[in-house]
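This report refers to the structure that appears directly beneath it.
The values are calculated or read from the model by the stated rules, or taken from the named source; none is laboratory data. All of these numbers come straight from a predicted model, not from anything done at the bench. In this analysis, Cβ positions are derived from the backbone assuming ideal geometry, glycine residues included, and neighbour counts consider all displayed protein chains. Note: areas computed on protein heavy atoms with side chains; ligands, DNA, RNA excluded. Shrake-Rupley method; radii C 1.70, N 1.55, O 1.52, S 1.80 Å.
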Amino acid sequence: MKKDVSVSMSQGNVYATIAALPPIIILSGIYIWIWGWQQLFIGITTFLRYPFLTLIGIFVGVILHELIHGLAWKFFGNKPSNVIKYGVAWKVLTPYAHCQETIDVGAYKLGVVMPGVLLGLVPALLGILTSNSLLLTFGLFFTLAAGGDILILWLLRNVEAGVLVEDHPTRMGCYVINSDCQ
């Protein structure tokens, strides 16, 4: 039996923003505590001072974000490349990677979390360690971009290891292939 563990893309975008706020506040707070407000604003203003470069960085980062999802599902879920589909839900301007086969929930969660770790947390933590507020800003932006992924992990919080899931083709989340899930 399939249990739908998903939200609509438009709902998901709202919840994603809320889900991303705690890590953004914590990372920003640590940076400010160590390096101060002035150093933080240097990165933010640099990010905004060069809008063309910023847009290129965001565009490349968004593509990488989705590729990381797909590659993680491919390797951790042992899936062939042809079952990973990429695209954009134009109605809500949301890019996506979609695994078209069932996958173990552990591999699915790893695929969900990897972009937020690699493009969000790692750059933000490196920015904190080096006082590089531009790197922190990049990491914070991609932590925000991973808000939907944080939401999906929350939706799957009660799903036990070893259960199969099927990525939802049109909504944020998945189907759990097990009637015993909560």
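When the Cα centres of region 112-138 and region 61-95 are compared, how far apart do they sit, in Å? Taking the Cα centre of region 61-95 as reference, the centre of region 112-138 is 21 Å away. The charge dipole of region 58-142, taken about its Cα centre with unit charges on the Cβ of Lys, Arg, Asp and Glu (plus for the first two, minus for the last two), comes to roughly 100 debye. Given the choices (1) 1.07; (2) 1.01; (3) 1.05, Rg/Rh (Cα atoms, Kirkwood Rh) derived from the coordinates of this structure is entry (2). Binning all Cα-Cα separations of region 1-87 at 5 Å, short to long from zero, yields these whole-percent fractions: 3, 10, 10, 13, 22, 17, 11, 8, 4, 2, 0.
Over the chain, with every protein chain in place, what whole percent of the accessible area is carbon and sulfur at 1.4 Å, could you tell me? Result for the chain: 70 percent of the exposed heavy-atom area is carbon or sulfur. Farthest toward the positive end of the dipole of the chain, out of 62, 116, 78, is the Cα of 62, where the dipole comes from beta carbon charges about the Cα centre. Are there DSSP H segments in the chain that both extend 27 Å or more along their axis (alpha-carbon positions) and score a mean Kyte-Doolittle hydropathy of at least -1.0? List them, or say none. Qualifying helices: 9-35, 51-76.
Based on every Cα atom in region 15-61, Rg and the maximum pairwise Cα distance Dmax equal 12.9, 31 Å. Less than 5 angstrom separates the built amide H of residue 5 from those of 174, 175, 176, all sequence-distant by 5 or more or on a different chain. In the full protein context, the chain carries 55 Å² of accessible surface per residue, based on a 1.4 Å probe and ignoring ligands, DNA and RNA. Shown is the FRET efficiency for residue 154 and residue 1, computed with R0 = 22 Å from the Cβ-Cβ distance and rounded to the nearest 0.05: 0.50. For the chain, the tally of Lys pairs with Cα-Cα distances below 19 Å comes to 6, considering only residues 8 or more apart or on different chains. Under 5 Å between amide hydrogens, built in the peptide plane, is the criterion, and for residue 102 it picks out nothing among residues at least 5 positions away or on other chains.
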